[in-house]
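What follows is one structure encoded as structure tokens, with my remarks underneath.
The values are calculated or read from the model by the stated rules, or taken from the named source; none is laboratory data. None of these values were measured; they are calculated from a predicted model. Positions of Cβ are generated from backbone atoms using ideal geometry, with glycine treated the same way; all protein chains shown enter the neighbour counts. Protein only, heavy atoms only, side chains kept; ligands, DNA and RNA dropped before computing areas. Shrake-Rupley method; radii C 1.70, N 1.55, O 1.52, S 1.80 Å.
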Amino acid sequence: MLLCALSACNGSDDDEQKDMAYPVINTTDIVAVPTDCDVYKRGDVIPLNLLFTDDTELGAYNIEIHHNFDHHTHSTSSIECPMDAQKQAVRPWVYNQDFNITAGLRTYTARHDIAIPTDIDAGDYHFMVRLTDRAGWQRLHAVAIKITE
């Protein structure tokens, strides 16, 4: 019985090598876009360029764009952008797409051109990126953008 108790307390090598760190969305070592307060027109393209890193292994990321007509916040930036008056959404744009990162990578540059529909409400939007590493740790990066006529 004593032998069973001692072996249960003895951690394995796998326990010592568990990933306990959040992945990083790096916006300083590259020309990162979009950034807070960027303005785009309906029908234009939002070019995404972000550098992702992790100490062990990256997993996947999600890009979400949604309206901010009610002036809510996601609190990942201290920059305050000029905002339009609050309004009700009529034809808001919602974009939500998941992307896998090739297994084994610790560094990955995400590049996408996201087309803005021409028939959406103009106004304030949030552009959010959620990066998850293989262990399940997640980092959120949210910026405020504006879409005009």
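Worth pointing out:
- Ligands, DNA and RNA excluded, the heavy atoms of VAL31 present near 120 Å² of accessible surface to a 1.4 Å solvent probe.
- Cα centroid separation, region 47-111 to region 118-148: 2 Å.
- Here the 3J(HN,Hα) profile of region 29-43, calculated from phi with Karplus coefficients 6.51, -1.76 and 1.60 at θ = phi - 60°, is 8, 9, 7, 7, 9, x, 10, 3, 6, 4, 10, 10, 9, 4, x Hz, Gly and Pro shown as x.
- Over region 95-149, Cα pairs under 8 Å with separation of 6+ residues give a relative contact order of 30 percent.
- Ranked by solvent-accessible area (1.4 Å probe, protein heavy atoms only, all chains present), the residues MET20, MET128 order from largest to smallest as MET20, MET128.
- Separation in nanometres of the label points that stand 7 Å from Cα toward Cβ, at GLU80 and ASP44: 2.4
- Modelled spin labels at VAL94 and THR28, positioned 7 Å past Cα toward Cβ, are 3.6 nm from each other.
- Sum of side-chain charges, ILE79 neighbourhood, beta-carbon under 12 Å (Lys, Arg +1; Asp, Glu -1): -3
- Only helical runs count toward this figure. For the chain, summing -39,500 (n - 2.57) over DSSP H runs of n ≥ 4 and dividing by all residues gives -2000 deg cm²/dmol at 222 nm.
- In this structure LYS41 has an accessible area near 120 Å², from a 1.4 Å probe over the protein heavy atoms.
- The chain: relative contact order in percent, alpha carbon pairs under 8 Å with at least 6 residues between: 36
- Taking all protein chains as shown and a probe of 1.4 angstrom, ARG91 keeps an accessible surface of around 130 Å².
- Taken one residue at a time, the phi angles of region 95-104 give Karplus couplings (6.51, -1.76, 1.60, θ = phi - 60°) of 10, 8, 9, 9, 9, 8, 10, 3, 4, x Hz. Gly and Pro are set to x.
- 3J(HN,Hα) along region 115-128: 6, 8, x, 8, 10, 9, 5, 6, x, 7, 9, 10, 10, 10 Hz, from the Karplus curve 6.51 cos²θ - 1.76 cosθ + 1.60 with θ = phi - 60°, whole Hz, x for Gly and Pro.
- Multiplying the residue separation of ALA60 and ARG106 by 0.36 nm and removing their Cα-Cα distance gives an extension gain of 15.4 nm.
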